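What follows is a single structure, written as structure tokens, with notes after it.
The values are calculated or read from the model by the stated rules, or taken from the named source; none is laboratory data. Please read these numbers as outputs of a predicted model, since none were measured by experiment. Glycine also receives a Cβ, built like all others from the backbone with ideal geometry; neighbour counts cover every protein chain displayed.
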Amino acid sequence: MPELPEVETVRRSLERLIIGQTIAAVEVREPRLRRPLAPDFATVLAGRAIRQVGRRGKYLHFCLDDGRVWLVHLGMTGQLVVSDPGEAPRLHDHVLITLSNGRCLRYNDTRRFGLMAVGQADEIAALTGLGVEPLSPAFSPRYLWTKTRTTRRTVKDLLMDQRVVAGIGNIYASELLFRAGVRPARVASTLSWQATERVVKATKAVLREAIRHRGSSISDYLDGEGKPGNFQEWFRVYGREGEPCQGCAAPIQRETRGGRSAFFCPTCQR
DNA sequence: CGCACCCCCTGCCGGC
DNA sequence: TGCCGGCAGGGGGTGC
């Protein structure tokens, strides 16, 4: 579910709701996430104040007043939503965090592909091993050019490799490649300098636009206030197999690689 | 190193 | 109506 625009939207919404709050109580109702929650997870968080909410790629970083970082990855179906006092837990609410203002930060994750950990900032950074931020100047045509020269991987696989660039998932890979006019199955090393520039430009434009629309809600995604995003209404290719391309009217095609679908226009993308 | 597969888990949808 | 396969935004592991 959540790729960079969704995680960034969650970050911004939570920032307004929980900065300065102290964690009054932690209830772990289901520790079996992608990796089991550490036995001391609840006691390590309890009593800490939340100073900052950051993001790296698809990870959220909650900076605590003891210098440690609470790391959260939402997997496919994870939600972090602040609810009012007294609301009953819902199905798949795995962690409930009571804040000093009485409200409750609920972690809900149907498929339990999410991840949580608490550690020192350097441990957390080492844990994730992420590449550059796509919206930072570090993600430049020059950077992508060096990453594409000596590989036989497809451009979509490369862009979704979190060690290369952090935050692009299956939806935005298809969307940005459409806007760049490059086929998902294109071997990355065959990109011209001009095409590389277009890919970088399209990446930044699509991610920024998606953040403006508060992310994409297909089935599960909600922000920190429990509100869905709107960017799914602006998809040009994702989930549109057989529909006419908005540029040339050719039917959008779907192609599967490694069990994941890529969507593209066979005439607008080369 | 890359890749084709498998796994993790739950829910939904379409076909029979 | 029920069952079954396929598919879904995530990542990680294996063996070739």
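Structure notes:
- Annotation note: of A:118, A:26, A:53, the sole residue that is within 16 Å of the chain's Cα centre (by Cα), in a strand (DSSP E or B) and more than 16 Å from DNA strand B (Cβ to nearest atom) is A:53.
- Summed over the range A:69-108, residues that are farther than 22 Å from residue A:166 by Cα and either in a strand (DSSP E or B) or among the polar types (S, T, N, Q) (or both) total 17.
- Test: residue in the range A:28-49 that is among the basic types (Lys, Arg), in contact with a strand residue (DSSP E or B) (Cβ under 7 Å, 6 or more places away or on another chain) and more than 30 Å from residue A:207 (Cβ to Cβ): yes
- Here residue A:165 meets each of (1) in contact (Cβ under 8 Å) with a residue 40 or more places away in the chain; (2) within 16 Å of DNA strand B (Cβ to nearest atom) with one exception, condition (1).
- The lone exception for residue A:62 - which of (1) within 16 Å of DNA strand B (Cβ to nearest atom); (2) buried (at least 17 other Cβ atoms within 10 Å of the Cβ); (3) of a type in the set (Phe, Trp, Tyr) it fails: (1)
- The range A:235-250 - residue that is in contact with an Asp or Glu (Cβ under 7 Å, 6 or more places away or on another chain) and of a type outside the set (A, V, I, L, M) and, of those, nearest to DNA strand C (Cβ to nearest atom): A:238
- From A:158, A:105, residue being in contact with a Lys or Arg (Cβ under 8 Å, 6 or more places away or on another chain) and surrounded by 21 or more Cβ atoms within 10 Å (Cβ to Cβ): A:158
- Under the condition of being surrounded by fewer than 18 Cβ atoms within 10 Å (Cβ to Cβ), of a type outside the set (Ser, Thr, Tyr) and outside any loop (DSSP other than H, G, I, E, B), the residues counted in the range A:129-155 number 3.
- Residues (farther than 16 Å from residue A:13 by Cα and of a type in the set (A, V, I, L, M)) located in the range A:46-87: A:46, A:49, A:64, A:69, A:71, A:76
- Options A:196, A:267, A:203; residue that is over 17 Å from the mean Cα position of the chain (by Cα), within 28 Å of residue A:153 (Cβ to Cβ) and surrounded by 15 or more Cβ atoms within 10 Å (Cβ to Cβ): A:196
- The one condition in (1) within 16 Å of DNA strand C (Cβ to nearest atom); (2) modelled with pLDDT of 95 or more; (3) surrounded by fewer than 19 Cβ atoms within 10 Å (Cβ to Cβ); (4) assigned to a helix (DSSP H, G or I) that residue A:126 fails to fulfil: (2)
- Inside the range A:206-218, residues that are in contact with a Ser or Thr (Cβ under 8 Å, 6 or more places away or on another chain) and surrounded by fewer than 21 Cβ atoms within 10 Å (Cβ to Cβ) make up a count of 1.
- Residue selected from the range A:228-257 under the condition in contact (Cβ under 8 Å) with a residue 40 or more places away in the chain and over 18 Å from residue A:75 (Cα atoms), by the criterion farthest from the chain's Cα centre (by Cα): A:255
- Any hit, the range A:138-153, residues being within 13 Å of DNA strand C (Cβ to nearest atom) and at pLDDT 95 or above: no
- Only a single item in (1) buried (at least 22 other Cβ atoms within 10 Å of the Cβ); (2) within 15 Å of residue A:226 (Cβ to Cβ); (3) more than 15 Å from DNA strand B (Cβ to nearest atom) is not met by residue A:79, and it is number (3).
- Hey, residue A:186 of a type in the set (Lys, Arg) and over 28 Å from residue A:54 (Cα atoms) or not: yes
- For the range A:103-123, the set of residues classified as away from DNA strand C (no atom under 16 Å from the Cβ) and out of contact with any Asp or Glu (no Cβ under 8 Å at 6 or more places or on another chain) consists of A:105, A:118, A:120, A:121, A:122, listed by residue number.
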